[in-house]
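Please read the structure below before turning to the comments.
The values are calculated or read from the model by the stated rules, or taken from the named source; none is laboratory data. Quick caveat, the model's predicted, so the values are computed rather than measured. Cβ placement follows ideal geometry from the backbone for every residue including glycine, while neighbour counts extend to all protein chains displayed. Ligands, DNA and RNA are excluded from the accessible area calculation, which covers all protein heavy atoms including side chains. Shrake-Rupley method; radii C 1.70, N 1.55, O 1.52, S 1.80 Å.
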Amino acid sequence: MLIKNIEQRIKVNKVVSLSAIAFAVFIVIAGFFFAYKMIEDSRKSIYILDNGVPVLAKQTDVLLNRPVEYKAQIELFHRLFFTLAPDDTYIKDNIQKSLYLIDDSGKKEYTNLREKGFYNQIIASSSMVSIHTDSVKLDMEQKKFAFFGKQMITRKSSVITRKLITEGFFEDIIRSPNNPHGVILKNWRILDNEEISNQTKNSY
């Protein structure tokens, strides 16, 4: 009877000891996990000085914002490439900025329009050209985009509105002052630039 009691106590002690060890290991692992999470969260916290007052800001995952940056880059390119004034210097500056965002396909289209006399017509007729973005669609798997918008050509006597649909591909590159989003557009082409309206201005 005494031996059985001793054996039972030994078993109970073993169970208690093993449970205590397992619980201690769990506490240590949980402590490491929470400490790691706290360090990660602290790395995402940055302070920005606003007139000398530190303001807490949170960093976000770059990958979460990447589709937004792709769309912003596509819109920026189209706005620079198609926003024109009757000023040769202004046109060249805008085109030069836009060509930092695209491969040779952008330069080919610029050369094509220049040879057709498009820019000379803008200057000669004192026209203003602007665009309106309707939507930008992304295919993240193929890294492909489609731009849908309208191009407005404002002349002294009329306002011409053209459909503007383009497509191309996008690729990540190193960020730079001339390409802050770190995206380059590739194999870009205009699919549709059909005139959809021509409104005559009232002359008094």
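Numbers below:
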{"quantity": "Conditions (1) among the aliphatic types (A, V, I, L, M); (2) modelled with pLDDT under 95; (3) touching a helix residue (DSSP H, G or I) at 6+ places or on another chain (Cβ under 9 Å): number failed by residue 72", "calculated": "(3)"}
{"quantity": "Any hit, the stretch 45-58, residues being at pLDDT below 65 and under 30 Å from residue 137 (Cβ atoms)", "calculated": "yes"}
{"quantity": "Failed item in (1) open to solvent by less than 30 Å² (accessible area, probe 1.4 Å); (2) modelled with pLDDT of 95 or more; (3) more than 19 Å from residue 71 (Cβ to Cβ), with residue 122 passing the rest", "calculated": "(2)"}
{"quantity": "Residue in the stretch 69-85 that is open to solvent by 30 Å² or more (accessible area, probe 1.4 Å), part of a loop (DSSP other than H, G, I, E, B) and not β-branched (Val, Ile, Thr) present", "calculated": "no"}
{"quantity": "Residue ID - farthest from residue 139 (Cα to Cα), chosen from residues in the stretch 166-200 that are open to solvent by 80 Å² or more (accessible area, probe 1.4 Å) and of a type in the set (Lys, Arg)", "calculated": "175"}
{"quantity": "Residue that is least open to solvent (accessible area, probe 1.4 Å) [pool: residues in the stretch 97-119 that are part of a helix (DSSP H, G or I) and touching a residue at least 60 places away in the same chain (Cβ under 8 Å)]", "calculated": "106"}
